[in-house]
1. Considering segment 61-83 alone, what residues qualify as being surrounded by 14 or more Cβ atoms within 10 Å (Cβ to Cβ), assigned to a helix (DSSP H, G or I) and under 11 Å from the mean Cα position of the chain (by Cα)?
2. Determine which member of the set 53, 18 is surrounded by 12 or more Cβ atoms within 10 Å (Cβ to Cβ), at pLDDT 90 or above and either touching a strand residue (DSSP E or B) at 6+ places or on another chain (Cβ under 9 Å) or not in a helix (DSSP H, G or I) (or both).
3. Return only the number of the condition from (1) within 17 Å of the chain's Cα centre (by Cα); (2) in contact (Cβ under 8 Å) with a residue 24 or more places away in the chain that residue 20 does not satisfy.
4. So residue 108 passes all but one of these: (1) farther than 18 Å from residue 24 by Cα; (2) without any contact (Cβ under 8 Å) to a residue 40 or more places away in the chain; (3) surrounded by 17 or more Cβ atoms within 10 Å (Cβ to Cβ). Which condition number does it fail?
5. Can you go through 67, 46, 97 and tell me which one is out of contact with any strand residue (DSSP E or B) (no Cβ under 8 Å at 6 or more places or on another chain), within 18 Å of residue 26 (Cβ to Cβ) and modelled with pLDDT of 90 or more?
6. Scan (1) closer than 24 Å to residue 92 by Cβ; (2) more than 14 Å from the chain's Cα centre (by Cα) for the single condition residue 7 breaks and write down its number.
7. In the list 27, 86, which residue meets the criterion of being surrounded by fewer than 16 Cβ atoms within 10 Å (Cβ to Cβ) and either assigned to a helix (DSSP H, G or I) or in contact with a helix residue (DSSP H, G or I) (Cβ under 8 Å, 6 or more places away or on another chain) (or both)?
8. Taking only segment 36-50 into account, find how many residues are free of Cβ contacts under 8 Å to residues at least 24 places away in the same chain and either surrounded by 12 or more Cβ atoms within 10 Å (Cβ to Cβ) or part of a helix (DSSP H, G or I) (or both).
């Protein structure tokens, strides 16, 4: 439901063919994954069931790398290769940075 809300909101705010919504979901989802993973690793004794529910279940339903692939293909098919490459770079490096930053915050 949250992912759908982000998609609708970003469609209204940006009204563009660039998939800002999926970029935001992947980067923010990776940040939250880093925060959760860091919390579970360094500050919690949560059960494995709770860990899996929150990471695989909740965040797995929120992040959208399958949609990322589809959006990239659409940009490419629209002959927007430059935008597709920018989108790929921002998605991958932004998500990795979000995860690293989340882990760093939890280590402190």
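The values are calculated or read from the model by the stated rules, or taken from the named source; none is laboratory data. It should be emphasised that the depicted structure is a prediction, and the values quoted were computed from it without experimental measurement. Cβ: placed from backbone, ideal geometry, glycine included. Neighbour counts: every protein chain shown.
1. Within segment 61-83, 62, 65, 67, 68 qualify.
2. Details: 53 fails: either touching a strand residue (DSSP E or B) at 6+ places or on another chain (Cβ under 9 Å) or not in a helix (DSSP H, G or I) (or both).
It is 18.
3. (2)
4. (3)
5. Criteria check complete, one pass: 97.
6. Residue 7 satisfies every listed condition except (2).
7. 86
8. Looking only at segment 36-50, we keep the residues that are free of Cβ contacts under 8 Å to residues at least 24 places away in the same chain, and these are 40, 44-50.
From the residues that got through so far, the ones that are either surrounded by 12 or more Cβ atoms within 10 Å (Cβ to Cβ) or part of a helix (DSSP H, G or I) (or both) too are 40, 44, 46, 48-50.
Number of matching residues: 6.
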